[in-house]
Amino acid sequence: MKYLCVIALCLVLGSCNAQKSESNPAKPNIIYINVDDLGWMDTETYGSTFYETPNITKLSETGMLFTRGYASAANCAPSRACFISGQNTPRHGIYTVNNSDRGNAKTRKIIPVKNTEDLADANVTISEMLQKAGYRTGIFGKWHLGKDARTQGFDVNIGGDHRGNPGKNGYFSPYNIKNINDNNPGENLTDRLTQEAIKFIIENKNDPFFVYLPYYAVHTPLATTSELEKKYNEKGGDKHQNKAVYAGMIETVDKNVGLILDALKALSLKNTVIVFTSDNGGIRDISSQHPLRAGKGSYYEGGIRVPYIISWEGVVKPKTVSEVPITNLDFYPTFMDIASIEMQDKILDGSSILPVLKGETIDDRDLFFHFPIYLQAYAGKRDDARDPLFRTRPGSVIIDGDWKLHQYFEDNEIELYNIKKDLGERHDLAKTHPEKVSELLKKLNDWRTGINAPIPTEPNPKYIPDFKPNNSNKKR
């Protein structure tokens, strides 16, 4: 409470000083809000009737909502590495969290590609790029790509290290995470990260800043206040969304999104780009993304299609909707465009979507996903994945317009879907559309060759056909 009062006082003082509009930088401020494991259907904005997210809806009404937004990977670390580096998974080698041979060894047919856990220092990150352009940079939350984000272009790091979740009881102080001063027992972690971000915004209001706000919420272990849990238990949900503790976490995130918007308004920081998204799909056993299939860890739509809202007063037309397919790989080149930065030697795998934000168009392009490893199941058949043992097995995916092709390396099986007509990926068209399969497979092969994507082929000597394990590794 004491810290909130200090922030409120700073906002008042900041508001008084913000009358001189000339203090706003020529380069726009950038705020990138990443909610961990928030699914495509987990806000009112995208259709939920259980979760309450009025501030996220308010944000969407000031900008552009994307209906076909994707994470570049289906779980935490690789998706974040793609955003931070601007490069797809084969370039940085981060495919998952920890080891790549997840699940029971007797059920894996091939030896997966070895995983890289830290983003290489040689990779010029999005924060380093903005730093060189005169931005003050701060991360407030989950880093997950090394010990300290300050070695990768952030001036300030509050709460970020290699940890992928806050740990047992970690959403309330005393915290388990590093790089944070912990002196307010009972404080909520999401609240604290927002307060720190607002403090940073106030301190840098006269200079361009980049705020990376990757909340630990709504990742497991789930935790909320007793009041919010009671509220949503009494409200009730449906068969797809009904977990009160998860709903409470989403409401807390939404409240803090509102505080960010209030701070920007009080400081008259109109020249600010705000991106709201998630790092991957939601965990299906916690919150179904119906009509999408599966969830986090799967390369069906439920694992990679995520919310994207982008607001920028005076540039992005309010209350607009875009059906342009985008991924988080696109933000590195977009921010370069926004800040008028050139980097001739930097290899980027996304495309600038600045024209889209201005109401214009960009060329059609294919989206590629490469996951040459294993990721074990959470909840068996309830995961709604390809099989009950794994959320995904080694493979690649291409999305070309309305068409989506999955290729699996164990047995070279192909699945083909028209995701415009079959959003839930229930009707495999591979056998009835052989020409489309050949066309997309060639594109996929050409892309993998061009990016030097590793394809695992070595048989696993421990594999036992038809082996039925009793349990599996539950790491998320």
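What the table shows:
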| quantity | calculated |
| --- | --- |
| Relative contact order, percent, the chain [alpha-carbon distance under 8 Å, six or more residues apart] | 24 |
| Segment His162-Lys106, length gained on full extension (0.36 nm per residue, minus Cα span) | 17.2 nm |
| Cα convex hull of the range 407-460 - mean projected area over all directions, nm² | 4.8 |
| Ordering of 172-184, 124-136, 420-432 by packing [mean C-beta count within 10 Å, highest first] | 124-136, 172-184, 420-432 |
| Phi to ³J(HN,Hα) by Karplus 6.51 cos²θ - 1.76 cosθ + 1.60 over the range 180-192, Hz, x for Gly, Pro | 8, 7, 10, 9, 9, x, x, 4, 7, 5, 4, 4, 5 |
| Full-extension gain in nm, Glu439 to Lys270, via 0.36 nm per residue minus C-alpha separation | 56.2 nm |
| Semi-axis lengths, Å, the chain, gyration tensor of Cα atoms, sqrt of 5 times eigenvalues | 35, 25, 21 |
| Gained length - Glu323 relative to Thr49, 0.36 nm times residue gap less alpha-carbon distance | 96.4 nm |
| Ranked by how many other beta carbons lie within 10 Å on average, peptides 357-363, 32-38 from highest | 32-38, 357-363 |
| Kirkwood-type radius of the range 369-451, with distances r between different C-alpha atoms, in Å | 13.4 |
| Whole-percent pair-distance distribution, where bins are 10 Å wide, for the alpha carbons of the range 124-176 | 26, 46, 21, 7 |
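All of the numbers you see were taken from the coordinates with simple rules; none came from a lab. Owing to the predicted nature of the structure, the values given are computational and were not obtained by experimental measurement. Cβ: placed from backbone, ideal geometry, glycine included. Neighbour counts: every protein chain shown.
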